[in-house]
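Accompanying notes for the structure given below.
Rule-based calculations on the coordinates, nothing more; no lab input. Being a predicted model, the structure only gives us computed values, none of them experimental. Cβ coordinates were reconstructed from backbone atoms using ideal geometry, including for glycine residues, and neighbour counts include every protein chain displayed.
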Amino acid sequence: MKENGYKKYSDWHCLLSDSINSAEALAEYLPLNISGIKRVTDLYPMRINPYYLSLMINTGDNLQKQAVPDIREIEDVSGSDDPLCEEKQSPVPNLTHRYPDRVLFMVSNQCAMYCRFCMRKRKVGSPFTVTDSTINTGIEYIRKNNTIRDVIISGGDPLLLEDEVINRILRALRSIRHIEILRIHTRVPCTLPQRITKNLASVLRQYHPLFINTHFNHPDEITNEAALSCAVLADAGIPLGCQTVLLKGINDNPFVMRTLMNKLLTVRVRPYYIHHPDVVRGTSHFRVTVKEGLNIMKSLHGHASGLCVPQYMIDLPGGGGKLPLLPEYVKSVSDGKILVENYRGELFVYPE
Ligand SMILES: *Cc1c(COP(=O)(O)O)cnc(C)c1O
Ligand code: SF4
């Protein structure tokens, strides 16, 4: 197998531009069916940068499944490209306005890696979907709608934009009187931690209150580099959250999930959501049942510090929004009292 020394790169741009994006190139590192993978990447692009490549080769299956295309992506005819109706609820391109007080604003269609389970498979990596003009139109929409208090800057990955572009977008949004909270959704602390530079942090820290939600799915992704990138952001005063996706064969296991949640807290990231996988075409091989998800939540409540127990969310099809699900701890309700079960499975009567 070829050696890949990502540590020789001194700059994240070079890491990114040396990414693997063809079946032939990947075959130098992993045994694979080149013609099958080509058919997948014709439809859904691949990008594996040297950092994540090295990590997934050293750690194995749980990371490889997230990054390496699988023929089942194009064999899957279930689901829809856009089950959450992000396009229908989009008053201007690349902006979804589902809740009155907050919007999802997609300012980049590039990511440091193209995750095979991505719920925005229809969009990421495809050319020309985000331009200066769509960004400006989005900012104008937000300026004109004074019910919006919270802007979620997403993509793709917003932190693949250059520092100056990020600065310009944040400055424009911060200049809008009714905007209270800015949020950035990014996977780079996990997939390309070298992107989190001191300069980026000094740009971001000018726009508080600014929150970042990142995205780790497996404890092996929390490397020293990832920990350092989180420290740089946290030291800039940015509260960090994590949105994990529950994925079959990757983290659908109580021990793995609990280890991940505990480890996130040690790198100053507070778990925010565990997302049940959406019914997106091309991702059915990652799907688990809600019952399995609830079991995993049961293995967290009470067994791990409350600080690292996130909410378990399903995103309703048709644009109904997100909903938290909880295991059934209340067994019955009758006059004056409820019967509840604690984390050890013991029953208690609690007076109402
Ligand atoms: C998830 C989401 C949000 C934000 O939801 P929170 O529960 O506040 O994190 C906003 N808009 C859209 C379209 C979303 O999908
Ligand atoms: S980083 Fe996020 S948006 Fe990009 S491919 Fe992965 S899941 Fe999708």
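See the values below:
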| read-out | value |
| --- | --- |
| Kirkwood hydrodynamic radius of the stretch 58-135, Cα pairs, Å | 14.5 |
| Approximate spin-label separation C85-D11, in nm, with each point projected 7 Å along Cα-to-Cβ | 4.6 |
| HN-Hα J in Hz across the stretch 209-219 - Karplus 6.51, -1.76, 1.60, θ = phi - 60°, x for Gly and Pro | x, 10, 10, 10, 10, 9, 8, 10, 10, 8, x |
| Computed over the stretch 21-71: relative contact order in percent, which uses C-alpha pairs under 8 Å that are six or more apart | 40 |
| Linear extension gain, T147 paired with L43, 0.36 nm per residue minus alpha-carbon span | 33.6 nm |
| Over 25 Å (Cα to Cα) - which of K8/K123; K38/K263; K248/K322; K38/K291; K7/K121 fall in this group | K8/K123; K38/K263; K38/K291; K7/K121 |
| Size-normalised alpha-carbon gyration radius of the stretch 95-325, reference 2.2 N^0.38 Å | 0.99 |
| As computed over the stretch 6-75, the Cα convex hull volume per residue (Å³) | 85 |
| Relative contact order (%) - the stretch 95-325, alpha-carbon pairs under 8 angstrom, separation at least six | 15 |
| Residue with peak Gaussian network fluctuation, the chain [Cα springs, cutoff 10 Å], from F286, F255, F117 | F255 |
| Extension reserve of the D132-T197 stretch, reckoned as 0.36 nm per residue once the Cα distance is removed | 21.0 nm |
| Within the chain: Cβ-based charge dipole about Cα centre, in debye rounded to nearest 20 (Lys, Arg +1; Asp, Glu -1) | 540 |
| Hull volume in cubic angstrom per residue (convex hull over the Cα atoms of the stretch 220-265) | 70 |
| Neighbour-count ranking [beta-carbon atoms within 10 angstrom, fewest first] of T137, T131 | T131, T137 |
| Ranked Y343, Y141, criterion: other C-beta atoms within 10 Å, fewest first | Y343, Y141 |
| Sorted by Cβ neighbour density within 10 Å, fewest at the top, the residues I338, I196, I152 | I338, I152, I196 |
| Residue of L53, L200, L43 that the Gaussian network model of the chain assigns the largest fluctuation, springs spanning Cα pairs under 10 Å | L43 |
| 17 Å reach of a label modelled at R72, 7 Å along Cα-to-Cβ, counting backbone N of the stretch 21-59 | 33, 36-37, 40-41 |
| Kirkwood hydrodynamic radius (C-alpha pairs) into Stokes-Einstein, the stretch 112-213, 20 °C and 1.002 mPa s, D in µm²/s | 148 |
| R0 of 56 Å, Cβ-Cβ distance K331-I57: FRET efficiency to nearest 0.05 | 0.70 |
